[in-house]
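Here is the structure we will look at, set down as C-alpha cells.
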C-alpha cells in the first residue's frame, strides 16, 4: 500500500532529478537534506549520468545484452532498457524494487516493451527469491553474461544486512563474463555520515541503511577484478564522456563505486 505520510527514498531521488513522481513530504525531506549536504542534487545528477554511461559502455564495448537492476527506483528517462536498446533493440532488463510507487510506475513502463522488460516486486536483499523468479530465470536461460547493477542502492541497507555478502551472493549466481556495477553514498567525514544516516533512518521509519566510508565501499569489490584495472572512484570520474562532463563540485559526500568483471 502506498504511504505518503513518510518520505520515500525513491521519490526523494526523483525530486532531486527534477521528476514529478513525488509528494510534498518528499520535497520537504530533500530540502532538509540539502542543508546538511548542499551538493546532494549534483550528486544525484552525477550518479544518474554514471548509470547511463556504464550501461551504454557495457552494451557497446562488451556486448552485454542483459541487465539486472537492483533497487531500480522510479522510471527516469533514459531508463536502463532504453539506453541498452539504443545499442541493440533485443537487450533485456529486469528491474527489482520493493517500493510500491516504483512498482506501480514500473508496470506502466512495461507497456513500452513487455517482451524485453520486466519489473520484479521484491526486496533486493532476497537473492534466492530474485534468482528463482521466472523473470530472472529467463534472463539467465542460456548462460549469456549479465550486468548486475547496484547503483546508489546499497546505502539503503544497514551493515547488519551485510551488503558485502549480498554482492558476493549475486556474483556467485552470475554467468562467467558477467559484470557487477556498484556505487553507493560515501564520505570520510564521520560526523556527516552519522548525521545523514540518522536523518534518513528517522524520516523513513528506519527503512534505510547508512552512508559508508570510502574504505567500506572499497570492501564491496574485494576479490573481484575491476574493469580495465581501474580502482573505485567518485563516479563522475569513471570513463567520462569528455572533459566537460558534469562533475560534483562539493565533496562532503559522493557517489563512489566502479565496475568489476566476473571471471
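The values are calculated or read from the model by the stated rules, or taken from the named source; none is laboratory data. Note that the structure is predicted; figures quoted are calculated from it, not measured. Please note: Cβ atoms are built from the backbone with ideal geometry, for glycine as well, and neighbour counts cover all protein chains shown.
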Residues of region 207-232 being in a loop (DSSP other than H, G, I, E, B) and either in contact with a helix residue (DSSP H, G or I) (Cβ under 8 Å, 6 or more places away or on another chain) or under 17 Å from residue 13 (Cα atoms) (or both), which ones? 207, 208, 209, 210, 211, 213, 222, 223, 224, 232
Meets criteria (farther than 30 Å from residue 90 by Cβ, in contact with a helix residue (DSSP H, G or I) (Cβ under 6 Å, 6 or more places away or on another chain) and part of a helix (DSSP H, G or I)) for residue 41: yes
Please return the ranges of helices (runs of 4 or more DSSP H) entirely within region 61-147 where 3 or more residues are modelled with pLDDT of 90 or more and loosely packed, with under 15 Cβ neighbours inside 10 Å. 127-132, 134-139
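Yes/no matrix, rows are residues, columns are (1) more than 18 Å from residue 252 (Cα to Cα); (2) exposed (fewer than 15 other Cβ atoms within 10 Å of the Cβ); (3) modelled with pLDDT under 95:
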site: 196; (1), (2), (3): no, no, yes
site: 200; (1), (2), (3): no, no, yes
site: 204; (1), (2), (3): yes, no, yes
site: 210; (1), (2), (3): no, no, yes
site: 215; (1), (2), (3): no, yes, no
site: 220; (1), (2), (3): yes, no, no
site: 229; (1), (2), (3): yes, yes, yes
site: 232; (1), (2), (3): no, no, no
Contacts under 9 angstrom Cβ, first residue in region 124-140 being more than 21 Å from residue 182 (Cα to Cα), partner at pLDDT 95 or above and assigned to a helix (DSSP H, G or I), 6 or more apart: 137/131
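For every residue, the table says whether it meets (1) over 19 Å from residue 259 (Cα atoms); (2) touching a helix residue (DSSP H, G or I) at 6+ places or on another chain (Cβ under 7 Å); (3) without any contact (Cβ under 8 Å) to a residue 12 or more places away in the chain.
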{"site": "50", "(1), (2), (3)": "no, yes, no"}
{"site": "54", "(1), (2), (3)": "no, no, no"}
{"site": "68", "(1), (2), (3)": "no, yes, no"}
{"site": "71", "(1), (2), (3)": "no, yes, no"}
{"site": "88", "(1), (2), (3)": "yes, yes, no"}
